[in-house]
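A quick write-up on the structure given underneath.
Rule-based calculations on the coordinates, nothing more; no lab input. Computed from a predicted model, the values in this text were never measured in an experiment. Backbone-built Cβ (ideal geometry, glycine too); neighbour counts: all protein chains shown.
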Amino acid sequence: MNLRLARAADIPALHALIAASVEVLQARDYSDVQRAAALTTVFGVDTQLIADGTYFVVEARDTLVGCGGWSFRRTLHGSDHGAHRDDTQLDPARDAARIRAFFVDPAWARRGIGSLILEACEQAARRAGFASLELAATLTGVALYRARGFIEIDRTEVPLAGGERLPIMRMQKRL
Ligand SMILES: CC(C)(COP(=O)(O)OP(=O)(O)OC[C@H]1O[C@@H](n2cnc3c(N)ncnc32)[C@H](O)[C@@H]1OP(=O)(O)O)[C@@H](O)C(=O)NCCC(=O)NCCS
């Protein structure tokens, strides 16, 4: 497996990876209707992260099998089409860096790919001067972040199209 920064040329493959990950791995936590609605706004590619050089991919046999990133910008979750985007920069002395948009290919789940990307994100955020991390975890993602020392702050919901709502968990970690 090879970890590297994502590039714009990866975007079509990222769309396919994210859709497969949501479809299979989140099926025990969210309904078909929730997952379909969330794929338009919440789960997807945030091209700002790729442009910032803060989004990683993992390749195996020349195929993308995982992705995830961190951010020095205020947006906490969501794709390019998310409702509450805020690209202002965080202050490392005061704010928590964001952990963003982790998705693993279902055929490659539970092989340490999420942990590998998270470790790279933690190191990069620490190098940028941040002392803590914050994220909005899917219910599917909570176990990974708990295993890596994140603690749960509060459970909240993201409004989706068609009146649906997506329960998520805000989590934090000190670096
Ligand atoms: C969440 C996700 C990224 C985890 O990726 P992963 O590569 O499977 O995670 P890892 O193999 O690094 O898991 C590390 C540890 O996290 C915990 N963990 C991860 N997935 C788990 C699960 N389904 N059930 C219980 N524990 C789990 C375990 O402690 C695991 O260690 P172990 O396998 O030695 O027991 C993956 O399940 C995924 O893509 N889910 C769908 C998309 C999503 O909801 N992403 C989260 C966005 S916040």
Dipole of the chain (Lys/Arg Cβ +1, Asp/Glu Cβ -1, origin at the Cα centre): which of A143, A60, V104 lies farthest to the positive side?
-> A143
Rounded, prolate or oblate: which one fits the range 1-103, using the alpha carbon gyration tensor with axes a ≥ b ≥ c (rounded when a/c is under 1.5, else prolate when a/b beats b/c, else oblate)?
-> oblate
Given +1 on the Cβ of Lys and Arg, -1 on the Cβ of Asp and Glu, and no further charges, what dipole in debye does the chain carry about its Cα centre, rounded to the nearest 20?
-> 520 debye
Tensor-based shape of the chain (alpha-carbon gyration tensor, a/c under 1.5 rounded, otherwise prolate or oblate) | rounded
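Does the range 18-67 come out rounded, prolate or oblate by the C-alpha gyration tensor, with a ≥ b ≥ c the root eigenvalues, rounded set by a/c under 1.5 and, if not, prolate when a/b is larger than b/c and oblate if not?
Working: a/c = 3.28, a/b = 1.47, b/c = 2.23.
Oblate.
Percent relative contact order of the chain, based on C-alpha pairs within less than 8 angstrom and at least six residues apart?
Working: 331 pairs, mean separation 38.6, N = 175.
Rounded, it is 22 percent for the chain.
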Sequence ranges 63-76, 84-97, ranked by mean other-Cβ count within 10 angstrom, highest first | 63-76, 84-97
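Using a Förster distance of 25 angstrom, determine the FRET efficiency expected from the C-beta separation of T47 and Q123, and round it to 0.05.
Details: r = 23 Å, r/R0 = 0.92.
The pair T47/Q123 has a calculated efficiency of 0.60.
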